[in-house]
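Read through the structure below, which is laid out as structure tokens, and then see the notes.
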Amino acid sequence: NQNTEVDKLKLESTVKELELKTIKSQLNPHFIFNALNSIRALVDENPQRARTAITELSNILRSSMQAEKVEMVSLENELNIVKDYLALEHIRFEERLKVQYDIEQDTLGLPIPPMMLQTLVENAIKHGISRQVNGGVVRITSRMKELQHEITIENTGQIGEHMNEDGFGLQSTRQRLSLLFGKRASFDIHNMNEQTVEAKVLMPLF
């Protein structure tokens, strides 16, 4: 019976590892496709900015390739990827995209799933900012709340017919958190008010 239990645990561990690798292998092509579309839109309009965008994408790809080797990265490392991504998107949106950060210093070293924050920020721009005539604001917050690490991404916009809560980015976030933390982590996205959407991730500190 003991051997059977050990084999069962090994099998469950293998399945979880395979699921995580599958989710991560899907994340990067999804992200690259959107980033390349951003660059393509700049090529004829402004070649100099297009070259700058390619440099930003190179930085992002280098960071994401390193992230592929681990199941968790520090928030600080993930923020570096996000800042490169937002710099690229800012070239496309210009003054229509405003970004705010509210990051508690003590949370920079906390572990989070690689590319998760970037995926949520990308989602905020794709379904929020890009659909607003005057653009809007993306606000990224990280803080410790009791025994949990709380990350929120707020963006101008509304969850509606153009945004499916079961879309790939949101679905993968739920799957990854569940695989890594079980019921000790959660993800929720909702309309905060008539102008703003909030995506919130809660992960255990220990």
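The values are calculated or read from the model by the stated rules, or taken from the named source; none is laboratory data. A quick note: this is a predicted structure, and the numbers were derived from the prediction, not measured. In this analysis, Cβ positions are derived from the backbone assuming ideal geometry, glycine residues included, and neighbour counts consider all displayed protein chains. Note: areas computed on protein heavy atoms with side chains; ligands, DNA, RNA excluded. Shrake-Rupley method; radii C 1.70, N 1.55, O 1.52, S 1.80 Å.
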- Out of H127, H149, H190, a Gaussian network model of the chain with alpha-carbon springs under 10 Å gives the largest mean-square fluctuation to H190
- Message: If you fit an axis through the alpha-carbon atoms of helix 2-43 and take the longest principal axis of the Cα set of the chain, what angle between them do you get, 0 to 90°, nearest 10?
- Response: 0
- Task: Name the residues whose placed amide hydrogens come within less than 5 Å of the amide hydrogen of V138, ignoring near sequence neighbours (fewer than 5 apart) on the same chain.
- Result: K98, V99, Q100
- If you average the sequence gap of Cα pairs under 8 Å that are 6 or more apart and divide by the length of the stretch 1-150, what percent do you get for the contact order? 23
- List R184, R139, ordered by accessible area with a 1.4 Å probe, largest first: R184, R139
- Query: Expressed as an acute angle from 0 to 90° and rounded to the nearest 10, what is the orientation of the C-alpha long axis of helix 47-67 relative to the principal long axis of the chain?
  - Reply: 10
- Treating the angle as unsigned and between 0 and 90°, give the value, to the nearest 10°, between the Cα long axis of helix 75-93 and the longest Cα principal axis of the chain. 30
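Say the cut-off is 31 Å between C-alpha atoms; which of K83/K145; K126/K183; K10/K183; K8/K83; K21/K83 go over it?
Numbers: K83/K145 24 Å; K126/K183 29 Å; K10/K183 20 Å; K8/K83 42 Å; K21/K83 24 Å.
Violating the 31 Å Cα-Cα cut-off are K8/K83.
In whole Å, what three semi-axes, largest first, describe the equivalent ellipsoid of the chain built from its Cα gyration tensor (square root of 5 times each eigenvalue)?
Details: eigenvalues 193, 81, 51 Å².
Equivalent-ellipsoid dimensions as semi-axes: 31, 20, 16 Å.
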- Each label point is 7 Å from the Cα along the Cα-to-Cβ direction; what then is the distance between the points at F33 and R62, in nm? 2.7
- Query: Roughly how much of D102 is accessible, in Å² to the nearest 10, using a 1.4 Å probe?
  - Reply: 70
- Query: Over the stretch 75-144, with a single point scatterer placed on each C-alpha, what log10 of the ratio I(q)/I(0) does the Debye formula yield at q = 0.23 1/Å?
  - Reply: -1.02
- If you stretched the chain out fully between T22 and V70, how much longer would it get, using 0.36 nm times the residue separation minus the C-alpha to C-alpha distance? 15.9 nm
- Query: For the chain, what is the calculated [θ] at 222 nm in deg cm²/dmol (nearest 500), taking -39500 (n - 2.57) for each run of four or more DSSP H residues and dividing by its residue count?
  - Reply: -18000 deg cm²/dmol
- How far, in nm, would the chain grow between H190 and L108 when pulled straight, counting 0.36 nm per residue and subtracting the alpha carbon separation? 27.0 nm
- Query: Measuring from label point to label point, each 7 Å out along Cα→Cβ, what is the K10 to Q100 span in nm?
  - Reply: 5.3
- Could you tell me, in Å, what Rg and Dmax come out for the Cα atoms of the stretch 6-118? 17.0, 60
- Message: Taking θ = phi - 60°, what integer Hz values does the Karplus form 6.51 cos²θ - 1.76 cosθ + 1.60 yield along the stretch 131-145, in sequence order, with x for Gly and Pro?
- Response: 9, 9, 4, 9, x, x, 10, 10, 10, 10, 10, 9, 8, 9, 10
- Note on the structure: P(r) of the stretch 93-206 over all Cα-Cα pairs, 10 Å bins starting at 0, rounded to whole percent, reads 14, 47, 32, 8, 0
